[in-house]
């Protein structure tokens, strides 16, 4: 005697159901064969969001030109025009920094400590104050250095 109920459909297929015999032949008593199961593979359909070289090249070039324009008049003191060239270089460097931040934000990067663009979290006021303070100190130092040229 068997311990479980009998599967009478598997033993004797009905005359009106042609699929019952084929279904019974493909199943083992414990279920489907383990060899027929294919492993699942996760595939990302979207490409990775990152900055490409054609996005980075003009930003890096603009930043390099601006920083050189800012550094050389300060280092070698070109005379009366040095302050103007240095401020123009500072302006170009700041434009490159803003451009790079916008490009990075577009591909999904955020500043450390700040929430991502689509999240509902509010930024921590201490992190925002820290970033604002660092920017204010850098601007003050740059303006003070250029003002010393005059």
Can you name every residue in segment 92-107 that is surrounded by fewer than 13 Cβ atoms within 10 Å (Cβ to Cβ) and either in a helix (DSSP H, G or I) or modelled with pLDDT of 85 or more (or both)?
98, 102, 106
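So in segment 108-119, with the set limited to residues that are surrounded by fewer than 12 Cβ atoms within 10 Å (Cβ to Cβ) and out of contact with any helix residue (DSSP H, G or I) (no Cβ under 9 Å at 6 or more places or on another chain), which one is farthest from residue 55 (Cα to Cα)?
So the residue we want is 119.
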Could you check segment 5-90 for helices (runs of 4 or more DSSP H) lying wholly inside it with 1 or more residues that are modelled with pLDDT under 70 and loosely packed, with under 10 Cβ neighbours inside 10 Å?
8-11, 19-26
Just one of (1) closer than 29 Å to residue 51 by Cα; (2) assigned to a helix (DSSP H, G or I) trips up residue 122, so point out which.
(2)
Selection count, segment 124-147, where residues are over 16 Å from residue 70 (Cβ atoms) and surrounded by fewer than 10 Cβ atoms within 10 Å (Cβ to Cβ):
2
Any pair with Cβ under 7 angstrom, 6 or more apart, that starts in segment 102-113 at a residue that is in contact (Cβ under 8 Å) with a residue 12 or more places away in the chain and at negative phi and ends at one that is surrounded by 12 or more Cβ atoms within 10 Å (Cβ to Cβ) and assigned to a loop (DSSP other than H, G, I, E, B):
103/51; 104/51; 107/51
Are any of the residues in segment 139-150 farther than 20 Å from residue 49 by Cβ, touching a residue at least 24 places away in the same chain (Cβ under 8 Å), touching a helix residue (DSSP H, G or I) at 6+ places or on another chain (Cβ under 7 Å) and in a loop (DSSP other than H, G, I, E, B)?
yes
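The values are calculated or read from the model by the stated rules, or taken from the named source; none is laboratory data. Since the model is a prediction, treat every value here as computed from it, not as a measurement. All Cβ positions, glycine included, derive from the backbone under ideal geometry; neighbour counts span all protein chains shown.
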